[in-house]
Structures are given as structure tokens and as C-alpha cells.
Amino acid sequence: MVSVTVSRRLRPVFPAGPRHPRRPRSPREPRYPRGHAADAALAAGVFVLVALGSMRSLVGGRTESWQAVAVDWTLLTAACGALYLCRRRPVAVASLVLVLTIAYYLTSLYDGPLMLAFVVALYTVAAAGRLRAAVVLAALALALTGAGTLRGNHDVNGVALFMLAGWLVGVVALGWVRHNRLALAREAEQRAASEERLRIARELHDVVGHHISLINVQSAAALRRLRKDPAGGPERAEEALGAIKETSREALRELRATLGVLRQVDEAAPTAPAPGLDRLADLVESARLAGLDVRLESTGDRPLPAELDLAAYRIIQESLTNVTRHARATTVTVRTERGPRQFTVEITDDGRGPAATGGLPGSGITGMRERARALGGELTAGPGPHGGFIVRAWLPCAGREPS
């Protein structure tokens with residue numbers, strides 16, 4: 001009954017469980033490393049690039065001893081190897097890489113591209129959301145490089161220092177943009193999950209709450225008849241007990257269908273039709289079995305879009321449930337009007353209503369308002385001018401394809 005609608009809404013929320021195999025990977029689809037493998041690949045890739053740029057210390061003419069070369073390559077390997085932990089400890093790793101890089105440039109006569117390792121570590125700090133730490137590390141690296149230039153390091157002049165400042169600022173900015181994009185994506189996922197949970201709760205409330213309320217009213221009526229007339233009560237209560245049986249069977253069927261969708265979100269959606277106004281007669285009949293005199297007044301025969309048809313059915317269902325539970329009414333009038341641009345539904349009862357009884361509206365009225373607003377409509381609920389309670393909803397039809 002609700003399986004089609006719920007399955008369409010739940011699909012993005014509930015990920016596949018271990019029992020559901022993932023989509024097979026295409027042979028042409030690249031397989032990128034993840035987790036620790038990605039960290040190792042990053043460290044190895046940076047090491048290869050730095051090592052290729054530092055090959056002058058191993059080939060060609062000698063300008064320093066092999067012991068000094070061994071120290072230089074130890075510092076180089078340690079700085080690149082530390083990148084394996086850069087995602088788990090970004091600030092600590094970036095600080096260590098900066099210290100090793102400074103030591104390398106102070107001890108080595110071959111200025112290899114070890115600054116690349118620090119640039120990568122600095123990016124991970126900014127991408128982790130540690131903007132202040134990234135700015136401090138970048139400023140420290142620039143200040144130390146500038147101090148070396150002032151002390152007579154002719155390999156880095158003013159132009160190179162200016163370019164280095166631009167690179168460091170750009171790396172920090174790129175990392176911060178990456179962090180913001182991931183944060184926005186996570187926030188959007190959480191918001192979507194919250195909206196889906198609200199829709200699931202509303203659907204379950206409408207499906208189960210209606211039937212449970214009818215069972216409660218019908219069982220109370222059966223008990224009352226048995227107490228008032230012990231002799232003829234069983235025969236008079238038989239009708240109410242039969243209605244309880246049918247209502248509980250329908251509630252179990254709909255609940256199983258809904259839970260089945262929740263368990264099998266990766267499988268094909270069930271083909272059972274969602275309820276609509278074509279089942280309004282069954283809904284009214286179940287309310288009549290609960291002791292209500294329900295009157296239907298319909299205007300127009302324009303077909304409605306599926307989502308609007310379901311929303312109108314749920315609004316009427318929840319309104320009848322509220323009347324059965326709270327209003328102490330005897331008569332309910334359901335009016336529907338299908339116009340070219342909007343659909344109007346109004347449910348009026350002659351009961352006391354929540355305003356007169358001192359009760360507060362629960363999640364039912366809130367759920368009906370959310371349904372109407374989700375379709376661009378509006379719903380009002382409150383006491384009528386001559387007593388009773390009125391629920392009135394306007395749902396726009398313009399721009400929607402009829403089902």
C-alpha cells in the first residue's frame with residue numbers, strides 16, 4: 001500500500017547492507033587506492049619525485065662526502081615517509097616535515113626539491129580544517145627561508161621568495177576550499193538523512209496510527225456493549241470484533257510492506273500501488289465501523305498526480321484518525337474539490353476538538369502540514385466557527401502530470 005512511495009524515498013538514505021552485493025566494477029573503471037593504501041601511495045609518490053630531483057648527490061662529481069650524502073638521504077626519506085601519517089596527524093606531520101626540510105637545506109650542498117613534501121603536508125593541514133595551524137606553518141617556513149636569504153643564501157633571491165609566498169598561500173587556500181566543500185557535502189547528507197527520517201516517521205505514523213486508533217475505538221465499543229447488555233452484548237459486539245480483525249489484518253499487511261521496503265532498499269521497488277482517493281470509500285467504511293457518520297462531498301473528476309493523490313489520502317486518513325481518537329464526534333463531513341489549478345480537501349466534524357478539550361495537537365497535524373508544504377500547498381487546522389474542528393488543505397495541481 002505504501003511500499004512504492006516509501007521505497008522511492010528511502011533509497012538514498014539506507015546504504016546497502018552486507019547481504020546485498022555492490023554493483024560490479026567495470027573493467028575500464030580505474031581503481032584508486034583508499035585508506036592506508038592511499039597514504040602509502042602519496043608518501044611513495046612524493047619520495048619518487050624528490051629522489052629524482054636529488055640524484056645529483058649520487059651521480060657526477062663529488063662536492064661532499066658520502067657520509068654527508070647518507071645524512072641528506074636519511075632526512076629526505078624520513079620527511080617523505082612521514083607523509084604516510086599526514087591524514088591522521090596533519091599538524092604534527094607537517095611540523096616534523098618542516099623541521100626535517102630545514103635540517104636538510106642546512107646540511108646539504110645539493111638543494112633537492114624536498115620543499116614539495118612540506119607543501120603536501122601543509123595542504124593536508126588546511127584540508128583537515130586546521131587553518132590557523134596551516135597559516136602559522138606557512139609563515140614560519142617563509143620566515144626561515146627569508147632569513148636564510150638574508151644570511152647569504154644565493155640560491156633563493158627575492159623573486160624566488162615572493163614566488164614561494166604565493167605558492168604557500170595558494171596551497172593553504174586550496175586545502176581550506178577542499179575542507180569547506182567536504183563540510184558542505186557532509187552537512188547536505190545529514191540534512192537529507194534528517195528529512196528522510198522525518199518522511200519515514202510521517203509515513204509510519206499515518207499507516208500504523210490510523211489502524212491502531214480504529215482498533216482502540218472498536219475494542220472499547222465492544223467492551224461497552226458487553227458491560228451494558230451481558231445477554232445480548234456478544235451478538236451486538238460481533239460486528240465491532242469483526243472490524244477489529246479486518247483492521248488489524250490491514251495494519252499488519254501495511255506494516256510488513258513498509259518494513260520489507262526498509263530491509264530491501266537495494267532491490268527493485270514493489271509494484272503494489274500506493275493508496276489514493278480511489279480507496280477513499282474503504283477508508284470511510286472503516287471510520288463508519290468505528291461509530292462515525294461520515295459524509296462524502298466531491299466536486300470535479302480531474303485526475304490527480306500520484307504524489308498529490310497520496311498526500312490527499314493521507315490527510316483525510318489522519319483527520320479521520322484524529323476525529324476518532326480525540327474529537328468525540330458523531331458526524332464527519334469530507335469535502336473534496338478538484339479544480340484546474342488546485343485541489344482542496346476539507347474535513348469537518350461536530351466534536352469538541354482539541355481546543356475545547358484542552359489537548360495539544362500532536363505529530364499528526366504537524367505531519368499533515370509537512371505533507372502539504374512539501375507539495376507547495378498549505379494546511380490549516382482549528383476549531384470551527386460553530387463548534388467542531390476543521391482541517392482544510394490546498395494542494396496545487398499546476399505544473400504536475402496527472403497519474
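Each reported figure results from applying straightforward, stated rules to the coordinates on display, with no laboratory input. This is a predicted model, so every value here is computed, not measured. Backbone-built Cβ (ideal geometry, glycine too); neighbour counts: all protein chains shown.
How do the peptides 245-251, 124-130, 341-347 rank, highest first, by the average count of neighbouring beta carbon atoms within 10 Å per residue?
Values: 245-251: 15.9, 124-130: 22.6, 341-347: 19.3.
So the peptides 245-251, 124-130, 341-347, ranked by packing, come out 124-130, 341-347, 245-251.
Under the Kirkwood approximation applied to all pairs of distinct alpha-carbon atoms, what is the hydrodynamic radius of the stretch 275-403 in Å? Show your work: numbers first, answer last.
Working: mean 1/r = 0.0681 Å⁻¹.
It works out to 14.7 Å.
Estimate the FRET efficiency between E378 and L223 by the formula 1/(1 + (r/R0)^6), using the beta-carbon distance for r and 41 Å for R0, to the nearest 0.05. Can you show the working numbers first?
Details: r = 40 Å, r/R0 = 0.99.
With a Förster radius of 41 Å, E is 0.50.
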Cα→Cβ-extended label distance, 7 Å offset, between R328 and S298, nm:
3.4
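Test of understanding: what is the full-extension gain from R256 to I212, defined as 0.36 nm times their sequence separation minus their Cα-Cα distance? Can you show the working numbers first?
Numbers: separation 44, 0.36 × 44 = 15.84 nm, distance 1.48 nm.
Residue separation times 0.36 nm, minus the Cα-Cα distance, leaves 14.4 nm.
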Quick one: which residues, 5 or more positions from G384 or on another chain, have an amide H under 5 Å from its amide H? H modelled 1.01 Å from N in the peptide plane, none for Pro or chain starts.
F389, I390
